[in-house]
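So the structure is just underneath, and the comments pick up after that.
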Amino acid sequence: MQAAALRALEFDRIREALAHEALTPLGRVRALALEPSGDAAEVRRRLDLTVEALAFDNDDGSLGISAPDDLEHTLRALEVGEEPLESIQLIGLARFVESVADVASAVRRASSVNRPGLAEIASRTASFDAEVKAIRRAIEPGGEIKDDASPALKEIREKLRRQRAKLRSTLESLTRSRDTAKYLQSEIVTDRHGRYVVVVRAEHREAIPGIVHGTSASGASLYLEPLSTVDINNDVVALAEREKEEIRRILLALTDAFRRRADDLERTLDAGAEFDELHAKVRLAQRLDAVAPALTRDGRLEFLGARHPMLRGTGLFSTDRPDLWKKAPSPNDLLVTSALVISGPNTGGKTVALKAFGLLAAMAQAGLLIPVERGSHFTPFMSIFADIGDEQSIAASLSTFSARIANLVEMDRALVLPALVLLDEVGSGTDPIEGGALGTAVIEHFRRRGAIVVATTHDEALKSYAATTEGVTTAAFGFDPDTYAPTYRLIYGAPGRSLALEIAERLGMPASVVADARARRSGRDSLLAAHLSRVDQQIAELARARGLADDERRALAADRARILDREAKLAEREAVLKRRLDDRLNEKLREAKTEVDRIVGQLKQKADALADRGPARAASRQPVLSTGDVGALRAEARAALGAVGDALGREPASEADAALPSPPAVGQTVFVAPFATEGIVRGISGDRVDVDVRGKRMRVALKDLRARGAGDAARPASRSRGGSAVTAPARATSAATRELVVIGSTVDEAIDRAEKFLDDALLADERRLRIVHGHGTGRLREGLTKFFRAHPLVASVTQADDKEGGAGATIVELKD
C-alpha cells in the first residue's frame, strides 16, 4: 500500500483516532503502526476479528486491558539482567498480566464457535497467577514492601524499630536535660546523612562531645551526633543497609520470576496488545456507527450511505473533543465499477467524496469497520493511488503541473491490480484544452489497465467524455437552483455545472465583473451552460419529487406501524378481558359448587332425619321416606338451586335485553345474562338450556338467555358493598365518564371494587373513568393510583380538575 496515498487520504489521522481509544501503550503503538492489507484473505480475517470483538463487547464483556503508562519502560528494564524492577513497576506489570488473563478467561467462557479469532488470541496467553500473588503478598498497592515479604526482612525491621526508638529516646532526653539544652539551637532531633543528630549553636561546639556532620547555611548551627549515640546510630545504619539489601533481594526474586518465563511473557504481551487494539477498533466503530462491508471479487466498489469519518461534526477531526463526533454529514452512495467522473460547483464536496472512496477502502483493509450502510461491498485493492492537492516542489524545481505528471508516471509504474486510482482535478494546471485532453487520456489509460478510476473535474471536455463513453459514469454534487448553495448530495447520471460565475456573484464579486465574464463566454459555452442549467432544474425537480415520495412512503409506514400497534393493543386488551372473564366465571362456578355442596349436605341431613322418624320395611328393617317427604325435599332442593342461580349474578331483563322470542337452536350463539358473556347452545331440555361458556358447560334457564351479540354486551352496573350505588349511568357520547365512589372503604376493599369496576368498563367499551375517594389521609388515593398505573390497559392516571372533585377524585383514561 502506497504511503504517499495514505498521507493524501489522511489515514494517519485515523490511526491517531484509533490510538486515542487504546488503553495501553502497547495498544497505542499497534494503532499508530496500522497498515491496510492488500491480501483479500487477510482483509477478511481482520474484519471478521473486529466484528467478533464488537459482538463480544455487546454480549459478553469488554476487551479493555489495564496497564501503567510506563509499561514500555518497565519492559525495557526487564531486559537488563541482575537488576530488579522497582516495586511500583512490579505492581504495574502484575496489573497488566492479570487484566490480560481476565480478558482471556472471559473470551474462553464465551462460545469458541462464535468467537474463533478471539479464542485464538486468548490461547496465546499464559497464566502468571503465581507471580502476581507473590507480588501482592510482598508489595503494598502503593509500592511499599510489606514487613512479612520475607522472614529476614521482618526480623531486620523489628530490630531497626527498636534501635531507632532507643536512639530517639536518648537524643530526646539529651535535648530535655538542663545541662545540655542550653547549648542547643532547638529541641528538634533531625536526620543527617542517615544518622540522627541534634542542632547545636556553633559557639558551644565543645560543650557537647560528639561528631559534627555539617553546618547550617548561616554557619550559626552545627549538626552534632553526640558520642553517647554513635554506637546506636551505627547499629541503625547497619540495619538500614541490611534492610535495603533484603528488599533488593526480594524485588530481584520477583523480577527474575518473569525473566525465567520470557517466552510466555512475550506471547502474553503480544496478545494483550492485540486485545487492546481490537478494543480501540470497537470503540472507534461505535463512535462512527460503523459496519463491516462485504468483500467481493467482481472489482466493484459500492459504499451505500457512506459518511466521511473526518466530517463527523464541524469539519475538524479531533480525538480530544468528543462533542465533534455528534453531528453526522449527509450520507452519499459511493458507487464505481470502472470509472467515475465527479463534477459540480466549488465547495460542493467533490474532493471530500474522492478521499472517502480511498479512505473507507483503506480503513476496511486495515480491519476497521467503516461508516456505511449494511449491504455495502467492495473488492480489496492491492494498490491505492491518490493524486490530490498541490504537489509543487521548489527543491525539485517542479511546478504543480510537473509534480502531478511525475506522480502519475510513478502510479503507472507501481500499479498492481486490483487497484484504485483517485485523481483530483485531473489535467488541471495547464492550458485548458490540452489539460482536458490529457486528463481524458489519463483516465482512459488507467481504466484500460484494469484499475478503478475516480476523478473530479471542472473541465467540459472531461464531462463530455464521461457522458458519452461506455463504462464511464458521471456524477455531480447538487446545489439549490435558487441560491446556488451546495446540497452535498451526489447525483449520478448527469454532469454538473461548476457555477464559477454564480458562486463569484454570491460571494460578492461586483455585478459588472460577472456580467462582463458572461459576455465573454463563447456562443457554444453559453448554449452548453444553458443546457446544463435546464438539466440541473430537472434534477432538482426530480429530487423534490423523490423527497415528496419518500415523505409519503414514510407517512404510510408510520400509519402502518400505528395500525399494527393498535391491533397489538386490541389483542392485548382482548386477552386481558378473556382472562378476567374466565377468572370471574371460575370464581362464580366455585361459589356455586360450594353452595350446591352445602345444600346437598343439608338435604341429606334432613332426609336422614326424616327417614329415622319414618316406618321401616319389614324385610330390610331400613327406614323409608314417605312420598310427601320426598316431594317436600325435592321442592326445597329446587328452590335452593334457584337461589344459587340468582346468586350467580342474574340481571333483570331490560328493554335492550329482551329474552329470546323462541327457543334457540343447537350451535346458536347467545348472550348469557348471569355471566355477562356469550355462550354456544349445546342442548335444550324444556326450559333449561346447556350452554358452552368459554369452554365450560353449564345449564341455565331459558329466560336468562338474550339475543344480542358480544358487540352489544350489557354494561353491567357495578354493585357497591353496603348497597349504595357506585356507578353512574354511562352517557351515550364517547366522552362519557363512568364513576365509582369508594369513600369510606379500606384500601384493599377499594382496589377490589376498582378491579371489578374496571372490568365492567372494559366490557362496556368505556374510556374515561372517575374514581371518587375523597380527601382523607391520602392513603386511599395513593393505593388506587398505584393499582391503576400498574394495570396493563390503563393509559393515564391524573387528578381530577376542580369541577370534577379536585384532589378528592382521580381520572383514569383507558387505552384504545
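The values are calculated or read from the model by the stated rules, or taken from the named source; none is laboratory data. Owing to the predicted nature of the structure, the values given are computational and were not obtained by experimental measurement. Please note: Cβ atoms are built from the backbone with ideal geometry, for glycine as well, and neighbour counts cover all protein chains shown. Protein only, heavy atoms only, side chains kept; ligands, DNA and RNA dropped before computing areas. Shrake-Rupley method; radii C 1.70, N 1.55, O 1.52, S 1.80 Å.
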Go through the range 204-262 and count every residue that is over 30 Å from ALA149 (Cβ atoms) and free of Cβ contacts under 8 Å to residues at least 12 places away in the same chain.
3
Please enumerate the residues belonging to the range 776-797 that are open to solvent by 70 Å² or more (accessible area, probe 1.4 Å) and not aliphatic (A, V, I, L, M).
GLY776, THR777, ARG779, ARG781, GLU782, LYS786, ARG789
Listed residues ARG287, ARG312, ARG307, ARG297; which is over 25 Å from THR351 (Cα atoms) and at pLDDT below 95?
ARG297
Evaluate the following for TYR196: is it in contact with a His (Cβ under 9 Å, 6 or more places away or on another chain) and modelled with pLDDT under 95?
no
Every residue from the range 1-26 that is part of a helix (DSSP H, G or I) and open to solvent by 70 Å² or more (accessible area, probe 1.4 Å)
ARG7, ARG13, GLU16, HIS20
Find all pairs meeting these conditions: Cβ atoms under 7 angstrom apart; at least six residues apart or on different chains; first residue within the range 158-169 and closer than 16 Å to PRO226 by Cβ; second residue open to solvent by 70 Å² or more (accessible area, probe 1.4 Å) and of a type outside the set (A, V, I, L, M, F, W, C).
GLN163/ASP235
Filtered residues of the range 27-54 (kept if open to solvent by 30 Å² or more (accessible area, probe 1.4 Å), assigned to a helix (DSSP H, G or I) and out of contact with any strand residue (DSSP E or B) (no Cβ under 8 Å at 6 or more places or on another chain))
ARG28, VAL29, ARG30, LEU32, ALA41, GLU42, ARG45, ARG46, ASP48, VAL51, LEU54
Being assigned to a loop (DSSP other than H, G, I, E, B), open to solvent by less than 10 Å² (accessible area, probe 1.4 Å) and either at pLDDT below 85 or touching a Cys at 6+ places or on another chain (Cβ under 9 Å) (or both), is that true of even one residue in the range 317-335?
no
Has the range 77-89 got at least one residue that is of a type in the set (Ser, Thr, Tyr), open to solvent by 10 Å² or more (accessible area, probe 1.4 Å) and either more than 19 Å from ASP276 (Cβ to Cβ) or not in a loop (DSSP other than H, G, I, E, B) (or both)?
yes
Check off (1) part of a helix (DSSP H, G or I); (2) out of contact with any strand residue (DSSP E or B) (no Cβ under 7 Å at 6 or more places or on another chain); (3) modelled with pLDDT under 85; (4) not aliphatic (A, V, I, L, M) for GLU187 and give me the number that stays unchecked.
(1)
Out of ALA717, ALA750, ALA754, ALA761, which single residue is of a type outside the set (S, T, N, Q), closer than 23 Å to LEU581 by Cα, part of a helix (DSSP H, G or I) and at pLDDT below 85?
ALA761
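Counting just the residues of the range 139-158 that are open to solvent by 70 Å² or more (accessible area, probe 1.4 Å) and assigned to a helix (DSSP H, G or I), which one comes out nearest to VAL199 (Cα to Cα)?
Once the filter is applied, the top-ranked residue is GLU158.
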The lone condition GLY214 fails out of (1) surrounded by 14 or more Cβ atoms within 10 Å (Cβ to Cβ); (2) in a strand (DSSP E or B) is (1)
Since ALA361 meets every condition but one in (1) surrounded by 17 or more Cβ atoms within 10 Å (Cβ to Cβ); (2) under 22 Å from the mean Cα position of the chain (by Cα); (3) of a type outside the set (S, T, N, Q); (4) at pLDDT 90 or above, which condition does it not meet?
(2)
Tell me whether the range 246-262 contains one or more residues that are in a helix (DSSP H, G or I) and among the acidic types (Asp, Glu).
yes
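Take the residues of the range 448-468 that are at pLDDT 90 or above and in contact with a Gly (Cβ under 9 Å, 6 or more places away or on another chain): which is farthest from GLY435 (Cα to Cα)?
In this case the residue turns out to be GLY450.
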Criterion: in contact with an Asp or Glu (Cβ under 7 Å, 6 or more places away or on another chain) and among the hydroxyl-bearing types (Ser, Thr, Tyr) - qualifying residue of SER150, SER169
SER150
When both residues are 6+ apart or on different chains and their Cβ atoms are under 8 Å apart, which pairs have a first residue that lies in the range 569-583 and is within 16 Å of LEU814 (Cα to Cα), and a second that is of a type in the set (S, T, N, Q) and in a helix (DSSP H, G or I)?
none
